[in-house]
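Enquirer: Shown below is the structure under consideration.
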Amino acid sequence: LEKTQSLLNTHTSASTAAYVKASRMSRSVRVDDAGVAEDIERTPGERTTSQAFRQGSRTAVQKVLEEVEKQGKLRVENGFSQVNFSLGVLNCFLITYVFAAFPQHLWILYVVEGLILFPLKVKFLWQ
């Protein structure tokens, strides 16, 4: 009886140790190109493919956002502003309206804009 109990305790402690090890490891399934599923055991510090992809995506998006901010600051320093943008959009609407309503006078609008905008461009280039 003692021998059987000793064997049972040894087996129980071994299976408990295996259970503790298995509970600490996460299990996942990998399917290869042929469609064969394979169990994978991961240690707690090991990252899965989706976690690595998510971290890589997060890093890439952060770099893109930093570059966009840098380009935005550069454009503001070079004179791009909300006022300039709004004037440009309004100019597009004005040209479209004149072209649709009075196509024979479109050249006059271009001459007037040219006489105003070219000197402004030269003035701001030399500053």
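Enquirer: For a label point 7 angstrom out from the Cα of Asn78 toward its Cβ, which stretches of the stretch 93-123 have the backbone nitrogen within less than 19 Å?
Expert: Residues 118, 120-123 qualify, since their backbone N sits under 19 Å from the label point.
Enquirer: What FRET efficiency do you get for Leu94 and Val68 if R0 is 35 Å and r is their Cβ-Cβ distance, rounded to the nearest 0.05? Before the final figure, lay out each step's value.
Expert: Details: r = 30 Å, r/R0 = 0.87.
That pair, Leu94 with Val68, gives E of 0.70.
Enquirer: At Val61 and Phe118, where each label point lies 7 Å from the Cα along Cα→Cβ, what is the point-to-point distance in nanometres?
Expert: 4.9
Enquirer: Further, regarding this structure: For a test of the definition: using alpha carbon positions, the gyration tensor, and the 1.5 limit on a/c, classify the stretch 59-99 as rounded, prolate or oblate. Spell out each step's value before the answer.
Expert: Values: a/c = 5.78, a/b = 2.50, b/c = 2.31.
Here the stretch 59-99 falls in the prolate category.
A short reminder: the numbers here are calculations on the coordinates, not readings from a lab. The model shown is predicted, which means the values in this text are computed figures rather than measured ones. Using ideal geometry, Cβ is built from the backbone for each residue, glycine included, and neighbour counts are taken over all protein chains shown.
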